[in-house]
Amino acid sequence: MANHIPVLLHESIDLLDIRDGKTYLDLTLGRAGHSSEILKKIPHGLLIAFDQDEQAIVESKARLESIGKNFKIVHRNFMDLEEVLQEEGISGVDGILADLGVSSPQLDEASRGFSYKEDAPLDMRMDQSQTLSARVVVNTYSLTDLARVISDYGEDKDAYRIAKAIVKAREKKPIETTFELVDVIKSVKSAKELAKKGHPAKQTFQAIRIEVNHEEEALEKLLEVGPKLLNKGGRMAIITFMSLDDRLVKKAFRKLTTVEGSRTGYELPGEVEEAAYIDLTKKPILPSEEELEANRRATSSKLRGIQRK
Ligand SMILES: C[S@@+](CC[C@H](N)C(=O)[O-])C[C@H]1O[C@@H](n2cnc3c(N)ncnc32)[C@H](O)[C@@H]1O
């Protein structure tokens with residue numbers, strides 16, 4: 001069974017301040033690292049866990065069942081969060097956790113086509129029932145759309161040149177595999193770039209993965225609806241791995257926890273408008289040295305949280 005080491009596990013569980021009898025959402029079940037810890041703490045509560053990857057669900061179910069029966073797993077994108085809760089008849093929850101991005105099994109199983117280090121058919125779908133795959137993005141998106149995806153989601157300064165090289169290569173024959181795509185990306189990188197630390201295809205692969213799995217859309221939706229679904233005192237914790245995501249979370253949390261406009265200083269008690277949420281992490285929580293030593297995939301992870309007043 002493929003493994004995933006949970007990132008910032010104790011820090012995120014502590015931040016959520018989990019209480020028995022309450023309702024919690026884990027929006028990114030993965031291999032149930034965080035979900036297991038939540039379930040252990042709520043023998044009389046309810047855990048609802050989302051994952052859009054069927055494989056994650058198959059492999060996590062037995063693990064959760066060995067802890068308790070008070071959980072439900074939903075095979076949906078968490079951008080449908082509000083809808084799913086309505087279907088379940090739940091109007092508010094006491095904690096929401098999102099540990100964003102891909103799991104180790106998704107990256108490590110070559111056949112999933114996520115990795116630039118393994119040769120496999122281009123795929124990158126977390127939800128294998130969807131039709132949009134990396135192969136579709138690479139072979140059918142226009143030059144402009146490819147350049148936008150690689151620039152916005154990969155933040156690669158060579159985005160336009162990479163997009164152009166992709167379009168040129170696919171005119172001869174479709175780009176079918178991860179290594180074929182790696183070769184196209186390498187063909188536009190200078191010798192200086194190729195000699196740098198870090199794989200030259202990393203940013204483009206990240207960008208295409210985000211596009212295929214609608215990751216930015218899902219995070220934006222979560223930041224819009226998640227805070228509203230919290231009960232009084234309820235908390236939301238988000239773990240990010242990319243500066244792109246962390247910036248979105250930071251901005252949204254700042255907006256929720258501060259009141260716009262300046263005060264005159266002459267307001268009477270009760271007249272002072274207060275933010276409806278408390279910022280639990282003025283600065284993001286980062287992994288400890290020990291965690292980084294034990295799990296290199298924790299590198300660049302950041303945890304932020306808010307609480308509804
Ligand atoms: C980083 S892993 C989570 C690992 C998990 N916390 C653990 O410790 O085992 C992210 C998981 O969330 C899923 N995922 C990512 N974005 C999602 C989304 N928008 N909707 C549903 N599942 C998503 C992925 O399929 C993956 O299994």
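We did not get these values from a lab; they are worked out from the coordinates using the rules stated. The model shown is predicted, which means the values in this text are computed figures rather than measured ones. Don't worry about glycine lacking a Cβ; one is built from the backbone with ideal geometry, like all the others, and counts go over all protein chains shown.
If R0 is 51 Å, what FRET efficiency do you get for GLU273 and LEU143 from their C-beta distance, rounded to 0.05? Walk me through the intermediate numbers first.
Numbers: r = 48 Å, r/R0 = 0.95.
E(calc), rounded to 0.05, equals 0.60.
With a simple spin-label model that places each label point 7 Å from the Cα along the Cα-to-Cβ direction, the separation between GLU118 and PHE179 comes to 1.4 nm. Within the listed set HIS34, HIS75, HIS199, the Gaussian network model of the chain (springs between alpha-carbon atoms below 10 Å) gives the highest mean-square fluctuation for HIS199.
Note on LYS40 and HIS75: with the Förster distance fixed at 22 Å, the Cβ-Cβ geometry gives a FRET efficiency of about 0.40. Any idea what angle helix 159-172 forms with the longest principal axis of the chain, computed on alpha-carbon atoms, 0 to 90 degrees, nearest 10? Taking the Cα atoms of the chain, the angle to 159-172 is about 50 degrees. Lysine pair count for segment 128-212 (Cα-Cα distance under 17 Å; residues 8 or more apart in sequence or on different chains): 18.
With +1 assigned to the C-beta of every Lys and Arg and -1 to the C-beta of every Asp and Glu, and no other charges, what is the dipole magnitude of the chain about the Cα centre in debye, to the nearest 20?
On the way: 47 positive and 52 negative charges, 157 e Å.
I would put it at about 760 debye.
Its relative contact order, with pairs defined as Cα atoms under 8 Å and 6+ residues apart, puts the chain at 18 percent.
State the extension gain, in nm to one decimal, for the chain segment bounded by ARG247 and ASP14, taking 0.36 nm per residue of separation less the distance between their alpha-carbons. Before the final figure, lay out the partial values.
Values: separation 233, 0.36 × 233 = 83.88 nm, distance 2.28 nm.
Once the chain is fully extended between ARG247 and ASP14, it gains 81.6 nm.
The modelled label-to-label distance for the pair HIS199/SER66, using points 7 Å beyond Cα in the direction of Cβ, is 3.1 nm.
Over segment 128-212, what relative contact order in percent results from Cα pairs under 8 Å that are six or more residues apart? If you can, show how the numbers build up before the last one.
On the way: 86 pairs, mean separation 32.8, N = 85.
Result for segment 128-212 is 39 percent.
The value given for segment 128-212 is a Kirkwood hydrodynamic radius of 12.8 Å, derived from the mean inverse Cα-Cα separation. Inter-label distance, LYS228 to SER288: 3.9 nm, where each label sits 7 Å from its Cα along the C-beta direction. What's the center-to-center distance, using Cα atoms, between segment 2-58 and segment 75-96 in Å? Cα centroid of segment 2-58 versus Cα centroid of segment 75-96: 15 Å apart.
Backbone amide hydrogens, once placed in the peptide plane, bring VAL93 within less than 5 Å of LEU230, ASN231, excluding anything fewer than 5 places away on its chain. Mean residue ellipticity at 222 nm, helices only, the chain: -13000 deg cm²/dmol; runs of at least 4 DSSP H residues each add -39,500 (n - 2.57), and the sum is divided by the number of residues.
Taking GLY154, GLY33, GLY198 in turn, the Gaussian network model of the chain (Cα-Cα springs below 10 Å) assigns the largest fluctuation to GLY198. GNM remark for the chain: springs join alpha carbons under 10 Å apart, and the peak mean-square fluctuation among ALA49, ALA207, ALA276 falls on ALA276.
Can you tell me the order of 64-70, 301-307, 214-220 when each peptide is scored by its average per-residue count of other Cβ atoms within 10 angstrom, highest first?
Numbers: 64-70: 13.7, 301-307: 23.9, 214-220: 17.9.
Ranked by mean Cβ neighbours within 10 Å, highest first: 301-307, 214-220, 64-70.
Legend: P(r) of the chain from all alpha carbon pair distances, 20 Å bins from 0, whole percents, reading 31, 53, 15, 1.
Need one number: the % of Cα-Cα pairs in segment 87-166 sitting beyond the 20 Å mark. It would help to have the intermediate numbers written out before the result.
Values: 1598 of 3160 pairs.
Summing the P(r) tail past 20 Å for segment 87-166 gives 51 percent.
Hey, if you put +1 on the Cβ of every Lys and Arg and -1 on every Asp and Glu Cβ in segment 58-147, which of THR140, GLY95, SER129 ends up farthest toward the positive end of that dipole? With unit charges placed on the Cβ atoms, the residue in question is SER129.
What is the packing order of peptides 243-254, 184-195, taking the mean over residues of other C-beta atoms within 10 Å and listing the highest first? Walk me through the numbers on the way to the answer.
On the way: 243-254: 17.3, 184-195: 13.3.
Descending packing order for the listed peptides: 243-254, 184-195.
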